[in-house]
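Below is one structure, written out as structure tokens; comments come after it.
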Amino acid sequence: MSDLEATARALVAEGKGILAADESTGTIKKRFDSIGVESTEENRRAYRELLFTTEGAEEFISGVILYDETIRQSSADGTPFPKLLDSKGIIPGIKVDLGAKPLALADGETITEGLDGLRERLAEYRGLGARFAKWRATYSIADDRPSEYCVWTNAHALARYAALCQEAGLVPIVEPEVLMDGEHTIEQSAKATGRALQAVYVELHDQRVDYRGTLLKANMVLSGYDAPKRASVEEVAEASLEVYYRHVPAAVPGIVFLSGGQSDEDATAHLNAMNKRGPHPWQLSFSYGRALQAPALKAWGGKPENVRAAQQAYYRRAKLNGAARTGMYAPEMEREAVPA
Ligand code: 13P
């Protein structure tokens, strides 16, 4: 097995998943605004330290995706974050795209930028301790969206990124995210997700990427958040699996889901329902940002005296999602106490 495949498989080890802590400076500001905390570099550092030093989280967390600022920061005792994570057996990763920008001549659609100079940036990040990377493309659903133009330009860029990662010895997490905002049906979501995935695997193949040394970061197939009739947990599990079975090669070691604005409990229940229907050709795991962090962020509120409560909240979500990795989660577990 190649080193890349070994890393990809370690990231989806049984009972474990990934913490996405790679919010850009703009996004973390929005999260901090929601709790009334100023987004200073020190506050961002202190918040990430709280997450990374949570005792026992490594039982359920295999890797953490960092942001450019975060991978260069250190804990209060001076330990660089990548080293701190490594010492707990957690694999450090890095977001390397530069964000989704308007796609020319395609009203309302986006293309993700960041390929220029990427080879050099990947080498630097590897030197700083990263072992995997993430690049996110986004697609919205409407009558004529996503367009073939948007689907193929983003697939091409995702594959160029993935090939550069493998060349640099980093596992690429390939993330084509179909956004779930809007009133669309679950059938529309299935069609758009299938289309995006199909193009991604054509491009990855044609650009010589070894699927075994990659992970897919996928959206779940949901009805739109404003749809008049929302699909149930079982319907989501069934529709999502049908799409992945059609479009994701069995050589891919794992699919790690984004939460994408679902409530934290929904994200856990959906993952659980899919794993209950296993075994599947790939591991089905999580790479949640909001669904792992929301309760912790709220409990913290920017106050040092709340660090312990925030860590407990994060530990609890990590543990419940760890249970969902093997279909062992039950909503009643939401009410069980976690050890102090
Ligand atoms: P959410 O789980 O908050 O969607 O974030 C995951 C992520 O990394 C999106 O790129």
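The values are calculated or read from the model by the stated rules, or taken from the named source; none is laboratory data. Every value quoted in this text rests on a predicted model; they were computed, and no experiment measured them. As a convention, Cβ positions derive from the backbone with ideal geometry for all residues, glycine included, and neighbour counts pool all protein chains shown. When the accessible area is computed, the model is the full protein with side chains, heavy atoms only, and any ligands, DNA or RNA have been set aside. Shrake-Rupley method; radii C 1.70, N 1.55, O 1.52, S 1.80 Å.
Here are the numbers for this structure:
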read-out: Long-range neighbours under 6 Å by Cβ, at least six apart or interchain, first residue under 11 Å from residue 325 (Cβ atoms) within the stretch 1-20, second assigned to a loop (DSSP other than H, G, I, E, B); value: 12/253; 15/325; 16/60
read-out: Pick from the stretch 130-157, criterion in contact with a helix residue (DSSP H, G or I) (Cβ under 6 Å, 6 or more places away or on another chain) and more than 30 Å from residue 83 (Cβ to Cβ), ranking: farthest from the ligand (Cβ to nearest atom); value: 152
read-out: Conditions (1) in a helix (DSSP H, G or I); (2) open to solvent by 10 Å² or more (accessible area, probe 1.4 Å): number failed by residue 36; value: (1)
read-out: Test: residue in the stretch 276-291 that is assigned to a helix (DSSP H, G or I), over 20 Å from residue 93 (Cα atoms) and more than 12 Å from the ligand (Cβ to nearest atom); value: yes
read-out: Residue count, the stretch 178-196 (criterion: within 16 Å of the ligand (Cβ to nearest atom) and closer than 19 Å to residue 211 by Cβ); value: 2
read-out: Residues (open to solvent by less than 20 Å² (accessible area, probe 1.4 Å), within 16 Å of the ligand (Cβ to nearest atom) and not aliphatic (A, V, I, L, M)) located in the stretch 241-261; value: 254, 257, 259, 260
read-out: Top-ranked residue of the stretch 39-68 - restricted to ones that are in a strand (DSSP E or B) and more than 13 Å from residue 296 (Cβ to Cβ), ranked as farthest from the ligand (Cβ to nearest atom); value: 62
read-out: Identity of the residue in the stretch 165-179, surrounded by fewer than 23 Cβ atoms within 10 Å (Cβ to Cβ) and hydrophobic (A, V, I, L, M, F, W, C), that ends up farthest from residue 252 (Cα to Cα); value: 179
read-out: Tabulated pairs, the stretch 306-334, first free of Cβ contacts under 8 Å to residues at least 24 places away in the same chain and assigned to a helix (DSSP H, G or I), second open to solvent by less than 20 Å² (accessible area, probe 1.4 Å) and of a type in the set (Phe, Trp, Tyr), C-beta under 6 angstrom, 6+ apart or interchain; value: 306/300
read-out: Qualifying residues in the stretch 84-114 (those that are surrounded by 14 or more Cβ atoms within 10 Å (Cβ to Cβ) and among the charged types (D, E, K, R)) - the one farthest from residue 128 (Cα to Cα); value: 109
